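The values are calculated or read from the model by the stated rules, or taken from the named source; none is laboratory data. Keep in mind it's a predicted model, so treat the numbers as computed, not measured. All Cβ positions, even for glycine, are placed from backbone atoms using ideal geometry, and neighbour counts span all protein chains on display. Just the protein is used for accessible areas: all its heavy atoms, side chains included, with ligands, DNA and RNA removed. Shrake-Rupley method; radii C 1.70, N 1.55, O 1.52, S 1.80 Å.
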Amino acid sequence: MANGKIVTKIVKRNQHEKLLEKLILRANSFVIFISPFWHHKGSTFPIYEIYNECIKNALKRGVRFLFLCDAVDKSLIEEYYAELNDKYSNGIRVCAFGFDERCGCHYPQSNVHAKIYMNEKECVITSKNISGLDSISLELGVYTNAKKLYDDVFGEVKSYIGSQTNDVI
């Protein structure tokens, strides 16, 4: 929660990255990222590197991560975090949209319109892919830590990602 108070607010396009960092920093048990694109095609480094130190610190605290993304980013994220994942008991799970042979489950299509980033008490629902750092598009999101709205979003996310991810949440 932001300073212990209930907050629901609009997230403008230049606020997404900082807010996601705060979600990771404030997480106690899990973080879920649902976004098809994590690797910015015009960049020399993957966007998830921005969150590297936050993710390392969260793993040390026992926070588990689920990235649900496209197949290309799945392999890049798995490779990037392989050493950390080994060190922290597979605290980072990466699943691609489509059929995942490892768990025998099927995640919905990669044509995701609502991107969702959440921990166990707050979430951001947005139109913005994390890779669009300098987007000139109209990108809006909603942040909330209001229990009723959060519970509704969390229920939708759980039904979307299926029971195979219960080891994360």
**Q.** Positions within region 59-85 being closer than 19 Å to ILE161 by Cβ, buried (at least 18 other Cβ atoms within 10 Å of the Cβ) and of a type in the set (A, V, I, L, M, F, W, C), in sequence order
**A.** VAL63, PHE65, LEU66, PHE67, LEU68, CYS69, ILE77
(Q) Restricting to region 1-31, name every residue that is assigned to a helix (DSSP H, G or I), open to solvent by less than 20 Å² (accessible area, probe 1.4 Å) and at pLDDT 90 or above. (A) LEU23, ILE24
Q) Could you say whether any residue in region 39-55 is modelled with pLDDT of 90 or more and within 24 Å of GLY162 (Cβ to Cβ)? A) yes
Q: Quickly run through region 56-80 and pick out the residues that are in a helix (DSSP H, G or I) and touching a helix residue (DSSP H, G or I) at 6+ places or on another chain (Cβ under 7 Å).
A: LYS56, ALA58, LEU59, ILE77, TYR80
Q. Out of curiosity, is ILE34 under 22 Å from LEU149 (Cβ atoms), at pLDDT below 90, open to solvent by less than 10 Å² (accessible area, probe 1.4 Å) and of a type outside the set (Ser, Thr, Tyr)?
A. yes
